[in-house]
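Asks: Below are the structure tokens for one structure; questions will follow.
The values are calculated or read from the model by the stated rules, or taken from the named source; none is laboratory data. No experiment lies behind these values; they were computed from the predicted model shown. Cβ: placed from backbone, ideal geometry, glycine included. Neighbour counts: every protein chain shown.
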Amino acid sequence: MEYPTPCIALLFIYTIFLTTLTAFTHAWLEKPMATSALCLPSQCSALLRLKQGIHLQPGKLISWQKGTNCCHWEGVTCDNSTGFVIELQLSNVSDGYDYDLSRSNRIDPSLFDLSHLRLLNLSNNMFVAEIPTRLVELTHLTHLDLSNCQFYGQIPAEISQMTWLVSLNLSNNYGGLQLRDPNFSVFVKDLGRLQQLNLDNVDISMSGKAVSLALSTSLPKLQTISLIECNIFGPIDELLLHLRSLSYLDLSSNSLSRAPEFLVNLTSLQALKLADCNLQGYFPPGVFLLPELENLQIYDNMELMVSLPLHVHLRSSSIRFLDLSNTMVPMRSFSAISKLSHLSHLQLEESNLVGTIPPSWSSSKIMVLNLHGNSLSGPVPDTFSSFSNLTHLDLSSNSLSGRIPSGLFNLPFLEVFDLSQNNLNGSIPQVIAHDLQHLRQLDLSANQLIGDIPSPFFNLTSLDYLNLANNRLSGQIPSSFNNLPSLKTLFLRDNLLKGGIPTSLCKYSLASLDLSNNNLSGKIPTSLFTIPSLERLNLRNNSFDGPLPAFDGLNKTTQLKFLILGMNSLSGKVPSSITSLYELNKVELSSNHFSGTIDLSLFLSLEGLFWLDLSNNPSLTVLSSNSSFTEETDTNIPQLGYLRLSSCNVKGFPSFLQEQYQLIDLDLSDSDISGEIPSWLWTMGNLQRLSLSNNKLSGFQEPLNGTKSMGSLLTDFLEKVQEIRDVDLSNNEISGKIPFWLWGFGSLEFLSLSHNKLDGFQEPINVTRFKGTSLHYFPSQASPIYYFSVSDNTISGQIPTFICRYHDLQLLNMSINRLSGAIPKCLGRIDKLSVLDLHSNQLQGRIPEGFNNLELLNLNNNFLVGRIPKSLISCEELQVLDLGNNELHDEFPSWLSHMTHLKVLVLRSNHFYGPIISTDSEQTLQIIDVSNNELSGALPPQLFNNLTAMMVSQSTEGSMFLQLSSTTPSYVVVIQTIKGASMLITKILTTLTIIDLSNNLLSGEIPREIGKLKGLYSLNISNNDLTGAIPSSMGNLQTLESLDLSCNHLSGVIPVELSELTFLGVLNLSDNDLQGSIPQGKQFNTFGASSFQGNPMLCGWQVKRLCCTGGDGVQQQSGGGAAYRNSQDMNSTWEYGAAGIGFAVGLATASLPVLFIKTYGVWYWDQVDKLVEFLFKICCFKLGSRRR
């Protein structure tokens, strides 16, 4: 019988179904009924003993209770058939007392009773011990994870005998695990079943080739290799190609030197990480085309060039995560990255990108884009709006300019947005909150944004971090901040905000608020201190006034740790209720107007206090009442790190300082403290900076008293002062010699003893009392001091040569003392010396050769002789050269042309001779003083053409100044801060421009090119042999305040253009051959006769000579000076009134007869005609005589 084909098919399927069902049923019936495993008593007991050895975090392993089934405990897995524990997952259960040995965790030996364990995970606990060798007893173990456990020492050889291991993780045990005996090759030799090997931070100390050989020959099944920071050196070898299953390779933080080409053949790789491997050269472009590669991280290889293949196959790349940060990526590769069609995370931080962001670049898959710290310029392209899945966008620390595109704020999934530290300008777009409901962090700081804070900000309900600092935002702080319930961090510092702090700002969960460096004013709201979550409050450098609010009755949950209110106008007393802020760690109330008295014991009740700054409150008196805290235990006194009480009327050293062992910075300057510096002050543990300047201290208390030998005392003392770096004892009354033990401070960098009464040095080298000991040559190693100043003392004798041992010395100032003898030649061999100031001493001899890196050399006012050493030509950065007031005898130094940064040249009062030679070096000069020498010849016009720094008037805004020498012209230098200490450095004040060529033998005319120096403030060419006219171009010197051309042979008229110099305050044209009238008006009306005397041909009221015009020239009438002066005197108006009255009476008496008596009138007019004719003849005779 034939069946239809469909029936046969159905019958076949039905037969297969019955067969399968029968087999399944049989197998199910044969299998024992699954039941929940019951924990064996021995296993339970072992686990409970193991628990006792671990200090648990709260809430951990609470299910581990006696009498319960251990197979149900947290982290425990049992074999259902036997009840043996086979898996133990105890990651991160300890409380982390890793450095308290009395509470350190331990692995109880009971662990090894769990002999059927297959998986053991004890990671992220703190055992601080060696790895137990008994782990080898766990013969069924296939997975072992002891990472992040603070194990240390040699990895036991027994681990290498656990041949059944499939996964081994001993990573990140920062206590210091190592593989030395056995080494890495021996260790892995018998672990052939391993598929995952993680030994991060284990010290292997082996070459890359040796590691490659060991891995390829012993571990053929490896899929995962992680050997981060294992001290592997040299390139890895192509033997790794034998690992056919390798999918994950991380060798980061080793010194592999190059990226080998064979990496392109590891076709099974899914993740390759070679970050921070000191890779150099070119990275193989073919790696980007590996078919399985999804994760590529080669960041922090600064000398590695990474170029992507530019052909079309790049679109087939599987890379999703790419991190090339801190490598060298050419812009063409940056553009090629857009072809990686699967890319979702791109990190190109500090990748040396230069240029503009390609405007055509777009992607709908990228979620994270980081271009921080490159040199990208131009506008931010609108195409970023096409990155529709973007969650993190970081374009910070570039040179992007223009306005912020509004399209950037249409990204619906954006969570982190950072455009800080660019050159963006304009206002913040108003559409900012349109689609940014997921935005958590927004940073637009350090740009040039202007305008108000836009109101749409306050619709960003997910925002928890907002940074708009360091812009030019203006207006008031909006009151709508209460619409940001998630906001925790708000930075608005360094703007132009004004007004007060809105109380709405105090309503939510702020943790950090920084409004410093604005123009805010008014009272500080008390409600600020009631925000329970607020930890940091910075209102520094505003105009807040009034008293601090009382802190009584504050919420006991206050978390405020940083209270920074310095540089305001706060007044009144510091409230004692400030101790209600019991969590305070930093209190900064400096530079206000606080008054009254405050006891330090008030702050010493704040146990967490680390930083206290009450400085620059002159009306505040700070007391230190010993009884307030000595009666309590020392443990109640906080260990301060920073204590600054400058200008606070402290009047003494607070005794509680003797109990401070963590103090780093102590500033008691300008505090009216007198007496000796106590010896205990130097030994306060971690003290690094000590400032006692501007007090009345008289000397040093001897720190080396005791029953021990001097050598032992000194050794003990120096061991306690090794952290001190900066010591400022300037402006006191310290007398005697500088103690030798100061030079034993091993870390000393800054030492200022200027403006005291010191008279010498205790010699620190070859101290005779230590002869025959290890201290015979003291100190044995010079400290790294870079700043040493003892200026303005009474130190006599020669400059001590031991100073030359301090090879890090950058500034040496021994000016204004009584030093004599020669300048030590060894000073010229201190390579780092950039500032040498020895002015106003009694030094003799020649200036030594050397000095290769000087920026400032001031030897003014000594008795130095000879020539300027030619070795100074190597000081290419020299900016100040002051050799004035010595006995130097040399030609004008034409070799100054090599000093292209020279700003100040002072050679006055020496014996320089010859012509002034102009070179191109004068372009930076701002002060030239070569007065009182024997220079001769004409003034070169090229000199004034080259003085380009004097051709533009500069601004003084923002600079700090210090006059170098009272015996030289008033030139100044900028104070620059180095390592927190203000020191002189050779950046010259660009506003002060002076030329003084007086008292020489210069001849010829004043070049008209001098009129180009529009920024010149003072010009003195007096007492020379100059001839010719004063150039009218001097009228262009609009900033000129002082002009002295006296005692020359200048002729011609005074240019009327000089009367237009509105800033001119000093003028001396005396003792020349000038003629004509003195210009009138403006500043010239303020100059008296002394400015013009000695010019017999000048006329004007200043010289009491009348100027009149007759014939063809200006006439001068001698003897009429008094009448002329009186006619100009406004105080003599009564004389004019009397004369007027007399004239009217006389006129009436004479005219009435003439008008009314005819015969008398004829006679009168006849006499008048005769008188006029007589006067005319006399006048013509005098005029003719004067012409002849």
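Asks: Across segment 326-337, which residue is farthest from residue 399 (Cα to Cα) among those that are buried (at least 18 other Cβ atoms within 10 Å of the Cβ) and among the small types (Gly, Ala, Ser)?
Replies: Only one residue fits best here, namely 336.
Asks: Mind counting the residues in segment 171-188 that are within 41 Å of the chain's Cα centre (by Cα), closer than 21 Å to residue 213 by Cβ and surrounded by 20 or more Cβ atoms within 10 Å (Cβ to Cβ)?
Replies: Looking only at that region, the number is 0.
Asks: Among the numbered criteria (1) in contact with a Phe, Trp or Tyr (Cβ under 8 Å, 6 or more places away or on another chain); (2) assigned to a strand (DSSP E or B), which single criterion is violated by residue 307?
Replies: Unmet condition: (2).
Asks: Anything in segment 882-911 that is farther than 15 Å from residue 928 by Cα and of a type in the set (D, E, K, R)? List them, or say none.
Replies: Matches in segment 882-911: 887, 890, 891.
Asks: Within segment 525-544, which residues are surrounded by fewer than 16 Cβ atoms within 10 Å (Cβ to Cβ) and touching a strand residue (DSSP E or B) at 6+ places or on another chain (Cβ under 7 Å)?
Replies: Listed by number, the list holds a single entry, 543.
Asks: Another one. Which is buried (at least 16 other Cβ atoms within 10 Å of the Cβ), among the aliphatic types (A, V, I, L, M) and more than 27 Å from the chain's Cα centre (by Cα), of 393, 414, 419, 371?
Replies: 414
Asks: Which residue is surrounded by the fewest Cβ atoms within 10 Å (Cβ to Cβ), if the candidates are limited to segment 902-927 and must be free of Cβ contacts under 8 Å to residues at least 60 places away in the same chain, of a type in the set (A, V, I, L, M) and in contact with a helix residue (DSSP H, G or I) (Cβ under 8 Å, 6 or more places away or on another chain)?
Replies: Here the answer is 917.
Asks: Let me ask something additional. What are the pairs, 6+ residues apart or on separate chains, where a residue within segment 406-418 that is farther than 18 Å from residue 365 by Cα has its Cβ under 7 Å from a residue that is of a type outside the set (S, T, N, Q) and surrounded by fewer than 16 Cβ atoms within 10 Å (Cβ to Cβ)?
Replies: Here the result reads 406/431, each pair linking segment 406-418 to a residue that is of a type outside the set (S, T, N, Q) and surrounded by fewer than 16 Cβ atoms within 10 Å (Cβ to Cβ).
Asks: Output the qualifying pairs, or none if there are none: Cβ atoms under 9 angstrom, residues six or more apart or on different chains, first residue in segment 779-790 and at pLDDT below 90, second residue among the hydroxyl-bearing types (Ser, Thr, Tyr).
Replies: The qualifying pairs are 780/774; 782/806; 783/747; 783/806; 784/747; 784/806.
Asks: Here's another thing I want to ask about it. Could you list, in sequence order, all residues of segment 889-904 that are under 20 Å from residue 1002 (Cβ atoms) and not in a loop (DSSP other than H, G, I, E, B)?
Replies: 889, 890, 891, 894, 896
Asks: Restricting attention to segment 190-227, report how many residues are within 19 Å of residue 238 (Cα to Cα) and assigned to a loop (DSSP other than H, G, I, E, B).
Replies: Within segment 190-227, residues that are within 19 Å of residue 238 (Cα to Cα) and assigned to a loop (DSSP other than H, G, I, E, B) number 6.
Asks: Follow-up. Please state which one of 878, 827 is buried (at least 16 other Cβ atoms within 10 Å of the Cβ) and more than 25 Å from residue 927 (Cα to Cα).
Replies: Within the list 878, 827, the selection yields 827.
Asks: Quick check on segment 514-524. Is at least one of its residues surrounded by fewer than 19 Cβ atoms within 10 Å (Cβ to Cβ) and not in a strand (DSSP E or B)?
Replies: yes
Rundown of residues vs (1) at positive phi; (2) loosely packed, with under 15 Cβ neighbours inside 10 Å; (3) at pLDDT 90 or above; (4) not aliphatic (A, V, I, L, M), yes/no style:
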site: 564; (1), (2), (3), (4): no, no, yes, no
site: 619; (1), (2), (3), (4): no, yes, yes, yes
site: 624; (1), (2), (3), (4): no, no, no, yes
site: 636; (1), (2), (3), (4): no, yes, no, yes
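Asks: Please verify whether segment 798-821 includes one or more residues that are surrounded by 23 or more Cβ atoms within 10 Å (Cβ to Cβ), among the charged types (D, E, K, R) and farther than 19 Å from residue 876 by Cβ.
Replies: Taking every residue of segment 798-821 in turn, none turns out to be surrounded by 23 or more Cβ atoms within 10 Å (Cβ to Cβ), among the charged types (D, E, K, R) and farther than 19 Å from residue 876 by Cβ.
Asks: Checking residue 852 against (1) under 21 Å from residue 883 (Cβ atoms); (2) modelled with pLDDT of 90 or more; (3) out of contact with any Leu (no Cβ under 8 Å at 6 or more places or on another chain), which test does it fail?
Replies: (2)
Asks: Just to be sure, is residue 446 small (Gly, Ala, Ser), touching a Leu at 6+ places or on another chain (Cβ under 8 Å) and modelled with pLDDT of 90 or more?
Replies: Here the answer is no, as residue 446 does not meet what is asked.
Asks: Within segment 149-158, count every residue that is crowded, with 21+ Cβ neighbours inside 10 Å and either modelled with pLDDT of 95 or more or under 20 Å from residue 185 (Cα atoms) (or both).
Replies: The qualifying residues number 1.
Asks: In segment 453-474, what residues are at pLDDT 95 or above and in a loop (DSSP other than H, G, I, E, B)?
Replies: 468, 469, 470, 471, 474
Asks: Separate question: Hey, could you check segment 239-268 for residues that are in a loop (DSSP other than H, G, I, E, B) and of a type in the set (S, T, N, Q) and say which is surrounded by the most Cβ atoms within 10 Å (Cβ to Cβ)?
Replies: My answer is 254.
Asks: Return the residues of segment 567-576 that are out of contact with any Pro (no Cβ under 8 Å at 6 or more places or on another chain) and closer than 13 Å to residue 547 by Cα; say none if nothing qualifies.
Replies: 568, 569, 574, 576
Asks: Hey, can you tell me all the residues within segment 663-687 that are in a loop (DSSP other than H, G, I, E, B) and either under 14 Å from residue 724 (Cβ atoms) or in contact with a helix residue (DSSP H, G or I) (Cβ under 7 Å, 6 or more places away or on another chain) (or both)?
Replies: The answer is 663, 664, 684, 685, 686, 687.
Asks: OK, next. Here's a check for you: in segment 1042-1069, which residue that is within 53 Å of the chain's Cα centre (by Cα) and of a type in the set (S, T, N, Q) is nearest to residue 1013 (Cα to Cα)?
Replies: Per the criteria, the residue is 1042.
Asks: Any chance you could count how many residues in segment 272-304 are surrounded by fewer than 17 Cβ atoms within 10 Å (Cβ to Cβ), in a strand (DSSP E or B) and of a type outside the set (Phe, Trp, Tyr)?
Replies: 3
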